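Let me begin by presenting the structure, written as structure tokens, before commenting on it.
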Amino acid sequence: MKPSTASAFTDDVLARHDGVAIARLIRDREVSVAEVIAAAIERANQVDPLLGAIVTDCFDAARQRARKPLDGPFAGVPMLIKDLTDVAGMPTKYGTAALENSLPVHRTHPIAQQLLDMGMVCLGKSTMPEFGFTASTEFPDRPPTRNPWNLEHTPGGSSGGSAALVAAGVVPIAHGSDGGGSIRIPASCCGLVGLKPTRGRLLPSQGREPFVGIVTDGVLTRSVRDTAMFMAEAERLSPRRGFMPIGHVLRPLDRSLRIAAVAGDLVDRSVDPVVKREFAATLKLLESLGHRVTPVELPNTEQFAEDFRNFWCLLAWTAMSTSRRLIDSSFDRSRVTGFVKELAGQMPRCLHKLPGAVMRLRKSSQRSGRLYSQYDVLVGPTMGERPPLIGHLAMELPMEVLLQRMRKLACFTPLANATGVPAISLPLGFDIEKNLSIGMMFSANLQQERLLLELALQLEAAQPFRLLG
């Protein structure tokens, strides 16, 4: 039976355009901002009852903004903000029922303000799992967010709502954040481009992360050029001292690269056969473009996974301990999921392990530096599995079962968060039977976003990305 989908693509003014194209149509006065925003709201109303990807809308405020003069490379382009970043006039609920009664905030966080300063129009806040702790956007107290390519499957997490809305055609670009794969995993699940920038490249993320630099913000898009434009404009609006400029990447790569391909026990043990097949096809594509591909085994993955788990316990404990004081006084601990409570409860038992874990996570950047002294790019599947069915990563599962399943799915993405290197997921694989995207992840040395974007443009030209029918 053909999978059920949720596509908002029609022949309205948005058509199948990306953000760059929509902004150009507005500048050339072929369409108005008001028409674009009206079409996006209509699309949201059409498919979000199926997707469940918008937690709070601000459609009236978007219509009002559309009547004002807008400036920037994305002037008039609709987008949504992940619901862990403040936007004035809306509550920030972090995906948890414990903050259901939180009040609208009065200030917009600099990350969200930067998107507005690019000329974008915010339609609302997108869904995320509780505090971003799982790789599927599901909730124990309300319906899950669904993948528009196949509604029985997850759009990933934790930026799952943003990914679902971009893939479905509601908006061409949406905000996300990534602390262990939370931009790249949804990009892989939903057939999108998802770049996690170098640690410190963008403005600091909102939150209370104890180990600065694990989490970084970014966007999910359907085209490489939208991601490239976002990075160029973010750099222009908020230049970061000491960083090599990216500039506006317009042209694809025109030289051969030394590419390391993940191999060995981790791939053999953790990667689904269909994902392996699509990964092999990606390696052939790279070789056909003149790149030199060499299999490389990643070292000491067991210790790394244990260290990252201990750090995740610290994040859960921090969320439980500080949300009432730092987010909203209405925070109700009794409504936090059992998974997050249990994860936070592990803190006393793993406290003595944290200094060593943090030290090893920091040192992982030194090991990655040695890898990138020999190779320009590291490539592997974004996820070890195809996008799972809704319920496979449900937060009601026993903690150890859920953690084990997430570790198998997200076996590659956390390394870039620990090392701080940039990494991008591209929709180069596809499962025809399930009608689901399979992303491939490319990482490079610190501050090498330009190289990744040039390679991404080359791959997009060689194998154009699918759009939902």
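The values are calculated or read from the model by the stated rules, or taken from the named source; none is laboratory data. Model, not experiment: these values are computed from the prediction. Neighbour counts are summed over all protein chains in view; Cβ atoms, including those assigned to glycine, are modelled from backbone coordinates with ideal geometry.
Determine whether region 385-392 contains at least one residue that is in contact with an Asp or Glu (Cβ under 9 Å, 6 or more places away or on another chain), of a type in the set (A, V, I, L, M) and surrounded by fewer than 24 Cβ atoms within 10 Å (Cβ to Cβ).
For region 385-392, residues in contact with an Asp or Glu (Cβ under 9 Å, 6 or more places away or on another chain), of a type in the set (A, V, I, L, M) and surrounded by fewer than 24 Cβ atoms within 10 Å (Cβ to Cβ): present.
Let me confirm something: among Val219, Val224, Val215, which residue is more than 19 Å from Ala444 (Cβ to Cβ) and within 16 Å of the chain's Cα centre (by Cα)?
So the residue among Val219, Val224, Val215 that is more than 19 Å from Ala444 (Cβ to Cβ) and within 16 Å of the chain's Cα centre (by Cα) is Val215.
Can you pull out the residues in region 391-409 that are among the hydrophobic types (A, V, I, L, M, F, W, C) and either outside any helix (DSSP H, G or I) or without any contact (Cβ under 8 Å) to a residue 12 or more places away in the chain (or both)?
Leu393, Ala394, Met395, Leu397, Val401
State whether one or more residues within region 124-134 are farther than 20 Å from Asp178 by Cβ, at pLDDT 95 or above and either assigned to a loop (DSSP other than H, G, I, E, B) or in contact with a Leu (Cβ under 8 Å, 6 or more places away or on another chain) (or both).
For region 124-134, residues farther than 20 Å from Asp178 by Cβ, at pLDDT 95 or above and either assigned to a loop (DSSP other than H, G, I, E, B) or in contact with a Leu (Cβ under 8 Å, 6 or more places away or on another chain) (or both): present.
Could you grab me the full set of residues in region 231-260 that are surrounded by 19 or more Cβ atoms within 10 Å (Cβ to Cβ) and over 22 Å from the mean Cα position of the chain (by Cα)?
Answer for region 231-260, where residues must be surrounded by 19 or more Cβ atoms within 10 Å (Cβ to Cβ) and over 22 Å from the mean Cα position of the chain (by Cα): Leu253, Leu257, Ile259, Ala260.
Is there any pair linking a residue in region 303-321 that is under 10 Å from Lys353 (Cβ atoms) to one that is basic (Lys, Arg), with Cβ under 6 Å and at least six apart or on different chains, and which?
Listed pairs, sorted by first residue: Asp307/Arg360; Asn310/Lys353.
Is it true that Met244 is in contact (Cβ under 8 Å) with a residue 24 or more places away in the chain and touching a Phe, Trp or Tyr at 6+ places or on another chain (Cβ under 9 Å)?
No.
Restrict the check to region 156-164 and report whether at least one residue is at pLDDT 95 or above, part of a helix (DSSP H, G or I), under 25 Å from Thr318 (Cβ atoms) and out of contact with any strand residue (DSSP E or B) (no Cβ under 7 Å at 6 or more places or on another chain).
Yes.
Of the residues that sit in region 355-375 and are out of contact with any Pro (no Cβ under 9 Å at 6 or more places or on another chain) and hydrophobic (A, V, I, L, M, F, W, C), which one is farthest from Thr96 (Cα to Cα)?
Within region 355-375, the match that is farthest from Thr96 (Cα to Cα) is Leu371.
Yes/no matrix, rows are residues, columns are (1) aliphatic (A, V, I, L, M); (2) under 23 Å from the mean Cα position of the chain (by Cα):
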position	(1), (2)
Glu30	no, no
Ala34	yes, no
Ile54	yes, yes
Asp60	no, no
Gln64	no, no
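Against the definition (of a type outside the set (S, T, N, Q), buried (at least 20 other Cβ atoms within 10 Å of the Cβ), farther than 25 Å from Arg333 by Cβ and touching a residue at least 40 places away in the same chain (Cβ under 8 Å)), how does Met120 come out, yes or no?
yes
Do we have Asn445 as surrounded by fewer than 24 Cβ atoms within 10 Å (Cβ to Cβ), more than 19 Å from the chain's Cα centre (by Cα) and more than 24 Å from Pro239 (Cα to Cα) here?
No, not satisfied.
Would you please name the residue that is nearest to Gly213 (Cα to Cα), looking only at residues in region 360-374 that are at pLDDT 85 or above and surrounded by fewer than 16 Cβ atoms within 10 Å (Cβ to Cβ)?
The qualifying residue nearest to Gly213 (Cα to Cα) is Arg370.
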